[in-house]
Amino acid sequence: MDQKRIGHFAVLIMLLLTGALTVQAVWFQKAQDSKQQHFSKRVNLALRQTAHQLLALEGDRTSRIKPVKQLDAVTWLIPVERNFNYDSLPPLLHRAFSFQNITENYNVSALDCKDKELMLGYNAYNYLSGKEVPCGGRERIAGCYELTVSFLEGEKSWLSKNSFWIFSIVFVIMITLYAFLKNRKLNTENLLINQIENLNLTPAIQIPTDAELSFLRFGQSVLDASNQLLFVKNVRKDLTYRETKLLQLFCTHRNQL
């Protein structure tokens, strides 16, 4: 495969890879956004259910449950504006999350509404493994609390963690390959033009060049058969494969029928 075709093939591969990676990145991002939105709704419902049951255990079935706030990608908060049974929180919250098919590990914090001081808290896996919930069974001060649930991010796949770097490396390799081939082609053309300018044009002879190049000179023209190029008075013309072969045949069999 000659240099010109290699260059075109490299450009085509670069465009195809870039397009495929771009489509994959856009599709992956949309899928992640949709998944995150669906997860957020399920967490919202579970927290509202838990707050309702905590108040119901205290005999309160009339107080308004305030909206759940999403603080960041993994953290949700719901205010509970009265004292509640902290020992009932772990099983109620676990049951609500299980109903919503949420199995990720998470930390639970009960913050004071006024100064945001951490009053109570535990980890879901510690609770499920049978360990004692911190501060369980102790008397608590009545007041307003903000229940905060923070999910612990699971291990992502190697591809999802490194997709950006894979895309970047492939793109840089393709650009570098294209630039190398383009520069090599320009150097070849400049070498040919310099040789033409430094020669006295006489009847057709083989122009001595590097081992990789094969130039035929005739009249005021030079044929670069390896790259399918014809230079007429230093003006470049691109030839087809058949045109190149025919012209090469005529140049190497002068005055023959």
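Under 5 Å from the amide H of residue 217 lie the amide H atoms of 205, 207, 223, each residue being 5 or more positions distant or on a separate chain, with H modelled from the backbone and absent for Pro and chain starts. Less than 5 angstrom separates the built amide H of residue 82 from those of 145, all sequence-distant by 5 or more or on a different chain.
In sequence order, region 110-125 has phi-based couplings of 10, 9, 5, 4, 7, 9, 6, 6, 6, 9, 9, x, 6, 10, 4, 5 Hz under the Karplus curve 6.51 cos²θ - 1.76 cosθ + 1.60, θ = phi - 60°, and Gly or Pro positions carry x. For region 225-238, the Karplus equation 6.51 cos²θ - 1.76 cosθ + 1.60, evaluated at θ = phi - 60°, returns couplings of 5, 5, 10, 6, 10, 10, 10, 10, 6, 6, 9, 7, 10, 7 Hz by residue, with Gly and Pro reported as x.
The alpha carbon radius of gyration of region 64-120, expressed as a multiple of 2.2 N^0.38 Å, is 1.19. Take residue 132, project a point 7 Å from its Cα along the Cβ direction, then tell me which residues of region 90-121 have their backbone nitrogen under 16 Å from it. In region 90-121, the label zone of residue 132 (backbone N under 16 Å from the point 7 Å along Cα→Cβ) covers 121. Sparse packing (at most 14 other Cβ atoms within 10 Å of the Cβ) combined with a DSSP loop state is found for the following trypsin sites (Lys or Arg not before Pro) in region 213-257: 233, 254. Between residue 37 and residue 61, the FRET efficiency estimated from the beta carbon spacing at R0 = 45 angstrom works out to 0.90.
Between residue 88 and residue 173, residue separation times 0.36 nm minus the direct Cα-Cα distance comes to 24.8 nm.
Readers should treat all values here as calculations from the given coordinates under stated rules, not as data from a laboratory. Quantities reported herein were computed from a predicted structural model and do not represent experimental measurements. All Cβ positions, glycine included, derive from the backbone under ideal geometry; neighbour counts span all protein chains shown.
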